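Please treat every number below as a calculation from the coordinates, not as lab data. If you're wondering where the values come from, they're calculated on a predicted model, not measured in any experiment. We place every Cβ from the backbone using ideal geometry, glycine too, and count neighbours over all the protein chains shown.
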Amino acid sequence: MEEIEAIKNITIENKEINMKFEELEIANAHLEKVNFQQSTFNYLEISNSTITSSIFSNLNLSSQTLYKVTFKNCNFIGTNFSNAFLKEIDFIDCNLSYATFSMAELEKVKFKDCDLKDASLYKIKQKKLQLENCNLDSVDMFETNLEKVDFRTCNINHIKINIPSMKGIIVNEEQALALAKFLQIIIE
């Protein structure tokens with residue numbers, strides 16, 4: 001199989017890509033129903049692209065760069081984004097259960113209608129993180145500055161969060177009562 005170094009200015013549909021990439025750039029592309037599940041990436045950069053109904057489960061995308069990408073209805077179960085740089089990324093209706101973003105940098109990243117159950121956002125650096133109608137059940141957000149992040153439409157059951165991370169978060173009344181346990185407040 002020939003070596004692919006770039007996927008640019010192209011639409012790819014219904015393809016399974018099982019390769020080891022030393023370096024891959026995806027730019028100005030539309031990918032639909034592409035399965036990368038058996039691929040490995042030494043260096044990956046995705047920019048100015050739309051990716052729908054594609055599979056990235058259990059991939060190691062640590063330390064990779066994603067910029068101006070929309071992922072819609074994609075599967076990222078168990079994907080490792082540790083130390084990655086994500087800027088202007090929209091995850092829409094994606095499954096990110098068990099994904100890890102530990103110590104990643106997220107700027108203008110939006111999760112809408114996503115499942116992040118048991119995901120890790122431990123010690124991420126974030127600017128303008130948006131969470132809309134997401135399942136954050138058992139998500140780990142320890143040591144993450146979440147000031148001005150709006151959780152009101154999200155399920156935050158069993159969220160793993162420390163007190164400094166809660167400073168300035170936006171929650172509804174029910175969520176505030178649930179988070180009161182972290183402050184050791186007794187409500188009678």
Subject >> Rel. contact order, % - alpha carbon contacts under 8 angstrom, at least six apart, the chain >> reply: 11
**OP:** Could you tally the net charge around residue 107, taking each other residue with its Cβ under 9 Å from the Cβ of residue 107, Lys/Arg +1 and Asp/Glu -1?
**Re:** +3
Original post:
Considering only 179, 14, 41, whose Cα is most displaced toward the positive end of the charge dipole of the chain, charges sitting on Cβ of Lys, Arg (+1) and Asp, Glu (-1)?
Top reply: 179
**OP:** Whole Å is fine, so just give me how far the alpha carbon centre of the stretch 86-163 lies from that of the stretch 28-60.
**Re:** 20
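Lys and Arg at +1, Asp and Glu at -1: add these up for the other residues within a Cβ distance under 10 Å of residue 153 and post the number. Before the final figure, lay out the partial values.
Numbers: positive: 112, 152; negative: 113, 132, 150.
That sum, taken over residues with Cβ under 10 Å, equals -1.
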Original post:
At q = 0.09, 0.10, 0.11 Å⁻¹, what base-10 log of I(q)/I(0) does the Debye formula yield for the stretch 6-183 when every alpha carbon is treated as an equal point scatterer in vacuo?
Top reply: -0.30, -0.37, -0.45
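Would you please put 18-26, 121-129 in order of how densely packed they are, using the mean number of other Cβ atoms within 10 angstrom per residue and starting with the highest? Write down the numbers at each step before the final one.
Numbers: 18-26: 15.2, 121-129: 18.4.
Sorting 18-26, 121-129 by mean packing, highest first, produces 121-129, 18-26.
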Subject >> Added length on full extension, which subtracts the Cα-Cα distance from 0.36 nm per residue, residue 183 to residue 73 >> reply: 35.9 nm
**OP:** Using the 2.2 N^0.38 Å rule of thumb for compact globular proteins, work out how the stretch 39-91 stacks up: its C-alpha Rg over that value, please.
**Re:** 1.03
Subject >> Neighbourhood charge, 11 Å Cβ-Cβ cut-off, centred on residue 167 and excluding it, Lys, Arg +1 and Asp, Glu -1 >> reply: 0
**OP:** Run the quick spin-label model on residue 19 and residue 162: label points 7 Å from Cα toward the beta carbon, then report their separation in nm to one decimal.
**Re:** 4.3
